[in-house]
1. Go through (1) within 30 Å of THR587 (Cβ to Cβ); (2) open to solvent by 10 Å² or more (accessible area, probe 1.4 Å); (3) modelled with pLDDT of 85 or more and name the single condition GLN622 misses.
2. Would you check if there is a residue in region 438-451 being part of a loop (DSSP other than H, G, I, E, B) and more than 30 Å from GLU556 (Cα to Cα)?
3. Which of the residues spanning region 485-511 are within 24 Å of LEU549 (Cα to Cα) and surrounded by 22 or more Cβ atoms within 10 Å (Cβ to Cβ)?
4. May I ask you to verify whether ILE545 is under 30 Å from LEU664 (Cβ atoms), of a type in the set (A, V, I, L, M, F, W, C) and in contact with a Cys (Cβ under 6 Å, 6 or more places away or on another chain)?
5. If you go through region 676-695, how many residues are charged (D, E, K, R) and open to solvent by less than 20 Å² (accessible area, probe 1.4 Å)?
6. One residue is enough: does region 574-584 have a residue meeting the conditions outside any helix (DSSP H, G or I) and either in contact with an Asp or Glu (Cβ under 6 Å, 6 or more places away or on another chain) or over 27 Å from ASP647 (Cβ atoms) (or both)?
7. Mind counting the residues in region 537-558 that are out of contact with any helix residue (DSSP H, G or I) (no Cβ under 6 Å at 6 or more places or on another chain) and either among the polar types (S, T, N, Q) or more than 20 Å from PRO472 (Cα to Cα) (or both)?
Amino acid sequence: MFSQYMEELEKNPYVVEDFVEKLFWRTNSGNNSDNNNSELLIETFQNTIKDLKILQERQQRKCEKLEAALSDEQKIHAKHIDKLLERHSISVECFHQLDEKINSVAGKIIHLGEQLENVNTPRTRTAEALKLLNHMSEFLIAGPIVNDIFTNKANLLEAADIIQKLYLVAQDLPADKFGAAKKKIESKYDEIERNLIEEFAMAQTEENIEKMKNLAKILSQFKGYNQCVDVYIEQSQATSYNRGKDVYESILPLCRQHYGIIKQVFANPDTVMSKFILNIYQLRIHQFSSTKLADDSKDDLKYIKTLHYLYLRTMKLSNDLAEFIRDSNDDLLSKLTQNMFAKHLVNYIEIELRCFDNICAMELRKFYEGKNHQKKQTERFQDLKRDMQAIISARTNINIVQIDNYGGETFLSEELAINLLQESTAAFERCSVLSKEADTPTNIIKIADILLKYLLTEHCDYAVDLGIQSIPIADTKSAPQIYFFDVVQKSNTIVHLLEKTYNANIIPYVISTSKYSDCMHKKRFCTDSIENKLDTGLDRSLNSICNWLKIYLQNEQKKTDFKPESDIDTVSSNACSAVCQYFNNCTAQIKKTIDGDNLTEVLQELGIRFHRVIYEHLLQYQYNTLGAMVAICDVNEYRKCVRKLGDSLVSQLFDILHALCNLLLVKHENLQEVCSGDTLNYLDKTVVLNFIQLRSDYKTIKPLTASLKTY
């Protein structure tokens, strides 16, 4: 039973409620009755409590025994630790004594070493001096040097050390007594120096870094040390370039490869690396660029493109190689680049301007040749001559004006403009790179002036002049075909392209300089000239349209259309249909070729002029009832046309015209009421009366209309 209690009590975690619950169910499980037996439970709990007390006493006794054993074991360990502490104390004391003895011996040894050094240093120096004098004696004796140290290459390093010292000593010897010896020493010095350099070159070929390092260290004491550096640079760069290919591709990897070796071999790696790069620029890049430029010198465009390419590549290479240059030489590469291209940059802008001018002239020439057109000089008084011819034609009804519309050709090319702008963009880019910083704004403006000359003056301005001259003067034979709207569209496109080029390639270089206002004034002068001519051409185009409408209506509109003698179908007249068709065609053409605010203004102006034509035309006829209905049908058709213009003012004008035409139809008893309506109330009374007078019954109702003068 006790073992069962121990199992339950030793559970982790131990819960008292669970223990009592299990005891309760264990007691009831032996009871066959369904009801709980309280007496049995009390007895079970009492017995369990007794058992637990007994178990507690047993466990208490075990604990006391264990505590006693633990106390004894602690005492034993404490005694053992005391012994260890005593032994440790003795060891520490011995260590201190030993340390004092070592320090004492070390002090004596240092003192002895100093004494030995004081004795040995003079002895060593004396021995070295004696050895050096013995070697010196060999150079004082006539005849060749036979000492194995100087004749056997295996002893090259030892011979180098000796000859270097002898060379320094020989510098202080008088030439009259030791002239021959000095010559022999110098000769041997040069020979050993050459041998060291040869050994260095051989070690470099074998990629023996350690040997190269030792030889470079020895040669640093010789006057020919720079030859050692030159040999390294020459051998490193001898086979490191792709023959016949772009030399720039291999330079950066080459420098990175040898920079690590130079840092290991030479005591002054920064100086050696600067010389390494200097040799690349002065020999490899300079030779490569000079050859390329010489090959392309006969073609200006190819020459400046090559110059721009080489200069950019060299500048990029300079930036990439900056990591190998010391701070004190941070402008070395920039100076090398400038010196390398200096003679080519002096006259660069003259070549650029000449080349760009030739390209623009050639592109224009090719364009006009492709159109089989010979450029004409604009005639003076051309506009006056045209106006006089138009007046004579109008009065005599004889068309004496000879107008060539070139078959609708505008002589404007967006493709040509794009070509010129692309060439200018390339020129601007070259100019920004190859010009001096102070000269860049001036040079940019010079290129821009050429662009303005050919693109706007020689091309756009000329084409607009031709377009104006080709605008037809209205006659009765056929409806005028207006090609000038295409001229407006293409001109605007070209000017917009030019604006983008200015914003991207010109303004950034001049906006902060005094040249900015001059630059913008030149462009504005050219664009304003074209804009004024376009305005003139649009005015003439609208005049041509409206004049033809006026002439056509005068010639084709019959009086019987508005005063038929018999019943007819009340539909719009044939003349009205033809006018509406032509007007719609013109409107569609304008919408296709003009956009933005310009479109709104042109359509409004066309609508106003069209209204004037129709208004004046209607005032020329008399109307009976059926004719008034035809006139209203005509005006309704005209209203449909002008609604496509999308202009409220024009629509309002034709609404008023429609209301005026209603005066031709309404009964005379209702005239006072109609005239007082919202549409006609604010009009000039004269305008209203003029329309009333067009009624065929006006004479009979004239007394009745007297009161209208006061409405």
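The values are calculated or read from the model by the stated rules, or taken from the named source; none is laboratory data. What you see is a predicted model; the values in this text were computed from it and never measured. As a convention, Cβ positions derive from the backbone with ideal geometry for all residues, glycine included, and neighbour counts pool all protein chains shown. These area figures cover heavy atoms from the full protein model, side chains too; ligands, DNA and RNA do not enter into them. Shrake-Rupley method; radii C 1.70, N 1.55, O 1.52, S 1.80 Å.
1. Looking at each condition in turn, GLN622 falls short on (1).
2. For region 438-451, residues part of a loop (DSSP other than H, G, I, E, B) and more than 30 Å from GLU556 (Cα to Cα): present.
3. Residues satisfying the conditions are VAL487, VAL488.
4. yes
5. 1
6. Scanning region 574-584 turns up no residue that is outside any helix (DSSP H, G or I) and either in contact with an Asp or Glu (Cβ under 6 Å, 6 or more places away or on another chain) or over 27 Å from ASP647 (Cβ atoms) (or both).
7. Counting residues in region 537-558 that are out of contact with any helix residue (DSSP H, G or I) (no Cβ under 6 Å at 6 or more places or on another chain) and either among the polar types (S, T, N, Q) or more than 20 Å from PRO472 (Cα to Cα) (or both) gives 6.
Yes/no matrix, rows are residues, columns are (1) in contact with a Phe, Trp or Tyr (Cβ under 7 Å, 6 or more places away or on another chain); (2) in contact (Cβ under 8 Å) with a residue 12 or more places away in the chain; (3) open to solvent by less than 10 Å² (accessible area, probe 1.4 Å):
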position: ASN555; (1), (2), (3): no, yes, no
position: LYS563; (1), (2), (3): yes, yes, no
position: SER577; (1), (2), (3): no, yes, no
position: ASN585; (1), (2), (3): no, no, no
position: ILE590; (1), (2), (3): yes, yes, yes
position: ASP597; (1), (2), (3): no, no, no
position: VAL613; (1), (2), (3): no, yes, no
position: GLU616; (1), (2), (3): no, yes, no
